1. Taking only pairs six or more apart or across chains, which ones have beta-carbon atoms under 6 Å, a first residue in segment 113-127 that is in contact (Cβ under 8 Å) with a residue 40 or more places away in the chain, and a second residue that is acidic (D, E) and outside any helix (DSSP H, G or I)?
2. Taking only pairs six or more apart or across chains, which ones have beta-carbon atoms under 7 Å, a first residue in segment 53-76 that is at pLDDT 75 or above, and a second residue that is assigned to a helix (DSSP H, G or I) and surrounded by fewer than 10 Cβ atoms within 10 Å (Cβ to Cβ)?
Amino acid sequence: MAFTREFLRKTAKESGVDLPKELEDALIQEHLSVRDAYAGEQVKTALENNKPEPAPKVEDTEEYKALKTQLETVNQQFDQYKDDQQKKEIRAAKVTAATEIHKAAGLTGKMLDMAVKLYDLDKLELDENGKAKNYDDLVNAAKTEYEGSIPKGSSYSPAPGTGGKADPKAHSLEEAVSAYYKQ
């Protein structure tokens, strides 16, 4: 049976003792204090004995390390891919700019293709619009460099005094270039 006021009164009555109200209150109060202290110690002991082990940090697991290594590899591959693509785009823009420079200098056909292939693209600087910096200077330099290769009386322009008709005896551009290099 639980230690209650009713239990105290019944036990005192059976023993023939009359308990004053103050004594009854003091006994109940002491019982509650002891009970609460005991329960508190029991809870504290249970918590200390049943502490969960700390979970390992995610960063310390082998799975995390493997995934991190894999992610770093993928990031490196992606960065390399971006660099390669950027280099391809820059090279394509430089080839286009070199072609424009040589066309403006008067080169056409196979001579144009050859001049663009021989052009040092690493030295060519582009502006923000993808055009060559110092365009006019580069065109003049190309005109000077390929001066003998630029056909002057080719079938592409009419000869003077022919009424706007091309001279049928004039060489094609390819023939003019071949003849120039045979000299």
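1. Matching pairs, first to second residue: none at all.
2. What qualifies is Y64/V58.
The values are calculated or read from the model by the stated rules, or taken from the named source; none is laboratory data. Given the structure is predicted, the values throughout are model-derived calculations rather than measurements. Don't worry about glycine lacking a Cβ; one is built from the backbone with ideal geometry, like all the others, and counts go over all protein chains shown.
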